[in-house]
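These notes concern the structure reproduced below.
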Amino acid sequence: MEPIRVFTFAPGWGLPTVGPFALKLLAWLDHHAIPYSQQIENRSDRGPMGKSPWIEQGGRRMGDSDAIIRHLAAQHGLPDPMRCDTPAQAANLGLRIAFEERFHQILEWELFVHPEGRREMRAMICAQTPPLVGPLIFASMARHFRRQLHARGIGRMPPARIAQEGRGLLDALALRLTDGGGWLDPDGPGLTDFAVWGQVAQMLCWPMQTPVADHAKAMPKLRAWHERMPKLNLDHPPSRATASP
Ligand SMILES: N[C@@H](CCC(=O)N[C@@H](CS)C(=O)NCC(=O)O)C(=O)O
């Protein structure tokens, strides 16, 4: 089988990447012991869909974490992880969409609009880019995300309402997590665990104080689930790569 190269944002906050959808993909690959090499590429516009992550395999490039996972599952003879034939699978589909669509916007808001998030992101981007260029890249990214969040509607909401919604989604998630272990997926950690975890892991790990992340850090059930999450395979240190044109 052709080797798989997974293009992700750089590691950060003790995580192998700061990209939520890439975290999901790496966790799923590791869980199924599918070998890959992680390539660091901070420019999502170099991917086939202009979004991070993406893969390259045998000259073929593919974007969108769900499409990649479905494709690789078929390639490795695994059942379709997105199948939706039971009420439990339907509930998990709803949970994934709530976190990958709505919660993801709240995450972006805390990173690029909240002053504490902006400060940290600016420092992180400046540390990864040549001097003088970093502040310009950060300003351009922050403008891009502000516009996107405004267009989606969430950027027009008062900060207190955004925080309330984010906390509410985490509280709803906690109702699905049991105290004594257990997973969102009925047969052990699976796509729903990895997808939702990808969206909340940064908030649990980042150092800055933002309203929704502070709430997440104060939730023992959420922290315990995060600690139980299979450790990502860090045997293959990520290499910095330039994506194919
Ligand atoms: N549905 C896509 C979403 C990927 C996505 O939104 N990635 C974000 C990073 S976490 C991105 O590339 N954002 C850049 C942008 O929106 O311009 C997937 O599952 O891979």
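Sort 201-210, 180-189 by packing, meaning the average of other beta carbons within 10 Å per residue, with the highest value first.
201-210, 180-189
What are the residues whose amide H is under 5 Å from the amide H of TRP54, where those residues sit 5 or more places off or on another chain and H is modelled from the backbone?
For TRP54, the qualifying residues are PHE7.
Averaging sequence separations of C-alpha pairs under 8 Å and six or more residues apart, then dividing by the length of the chain, give the relative contact order as a whole percent.
Relative CO of the chain lands at 26 percent.
Of all accessible surface on region 38-120 at a 1.4 Å probe, what whole percent is carbon and sulfur?
That share works out to 52 percent.
Specify which residue in the list ASN92, SER140, TRP54 is farthest towards the positive end of the charge dipole of the chain, using unit charges on the beta carbon of Lys, Arg (+1) and Asp, Glu (-1), about the Cα centre.
About the Cα centre, the residue reaching furthest to the positive side is SER140.
With an 8 Å Cα cut-off and a minimum separation of 6 or more residues, compute the relative contact order for region 121-196 in percent.
Here the relative contact order equals 12 percent.
Please go through the residue pairs LYS24/LYS51; LYS24/LYS221; LYS51/LYS217 and name each one whose alpha carbons sit more than 22 Å apart in this structure.
LYS51/LYS217
Please identify, among GLY153, GLY63, GLY190, the residue showing maximal mean-square fluctuation in a Gaussian network model of the chain using a 10 angstrom Cα cutoff.
Result for the chain, Cα springs under 10 Å: GLY153 fluctuates most.
Using θ = phi - 60° and the Karplus curve 6.51 cos²θ - 1.76 cosθ + 1.60, what whole-Hz ³J(HN,Hα) does each residue of region 201-207 get, with Gly and Pro shown as x?
Each residue of region 201-207 in turn: 4, 4, 4, 6, 9, 6, x Hz.
Skip the ligands, DNA and RNA, and give the accessible area per residue of the chain with a 1.4 Å probe, whole Å².
Per residue, the chain has an accessible area of 48 Å².
The values are calculated or read from the model by the stated rules, or taken from the named source; none is laboratory data. Please read all numbers here as calculations on a predicted model, not as lab measurements. A quick note on method: Cβ atoms are made from the backbone with ideal geometry, for glycine too, and the neighbour counts reach across all protein chains shown. Just so you know, the surface numbers come from the protein's heavy atoms only, side chains and all, with ligands and any DNA or RNA stripped out. Shrake-Rupley method; radii C 1.70, N 1.55, O 1.52, S 1.80 Å.
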